[in-house]
Each structure stands twice: as structure tokens, then as C-alpha cells.
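Worksheet: one structure, shown below.
The values are calculated or read from the model by the stated rules, or taken from the named source; none is laboratory data. Keep in mind that what you see is a predicted model, and the values were worked out from it rather than measured. Reconstructed Cβ throughout: ideal geometry from the backbone, glycine too, with neighbour counts over all protein chains shown.
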Amino acid sequence: MFADEGSARCGTVLPTAYRSDVVFWIVPVGEDVRHGTTTRPGALPAGSEVLVLCARRFKLPTSTPWPDVPKTKSVTRQCEDCVAEYERLGRPATVWDF
Ligand SMILES: [Zn+2]
């Protein structure tokens, strides 16, 4: 058997955050754990509702003005239901703070 080199060269390689199938780990308003979402956080204004992998809806927080560090930066705990769905999807992921 030969490896299919042709298909390996197809497609554009983009940084993870710019791919369309990425799971973003965000900390929604009022939460102290990260939930996964496939909605690009930058695509919606603050206060918009976003659907996360555990099938709940949360409001997106307001962006932190530069050069302040987002308060959620230190949050590393992840929602267990989102993790289970994330592992089932097998998609790339990135952490996102607002
Ligand atoms: Zn969740």
C-alpha cells in the first residue's frame, strides 16, 4: 500500500485559533470553570448567548481592555460534561480569555 501523498498536501494549514472546527475553552459570565464551545468567541459581541458542548447556554463576558490580564486567565478547571463531548468530537482545542 502507498500513502496518499496527494491528499496530504491538500487544504490550508492554519493556526489552531483560525480553524473552523476548533473547540474554544471559555469561562462564561458567572462561571468558575471552562466550558467548550465551537462558536468563535470573537464572532459575537459581549453579552451574547453561546451554546457550549454540555448543551447549556451562557453569556459571553466583556473583553478585558489591554494591557490588563483577563481575570479568567488562571481558570484551568474544565466542565466534565464539556470534556466528555470534546473527547467524543476529537477536535483541536484552544483556551480563550476575553
Ligand atoms: Zn460545560
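Brief remarks on what is shown
- In the stretch 43-64, residue nearest to the ligand (Cβ to nearest atom) [restricted to those that are exposed (fewer than 15 other Cβ atoms within 10 Å of the Cβ) and either of a type in the set (A, V, I, L, M, F, W, C) or farther than 17 Å from Val29 by Cβ (or both)]: Ala55
- Positions within the stretch 30-55 being modelled with pLDDT of 95 or more, hydrophobic (A, V, I, L, M, F, W, C) and part of a loop (DSSP other than H, G, I, E, B), in sequence order: Val33, Val52, Leu53, Cys54, Ala55
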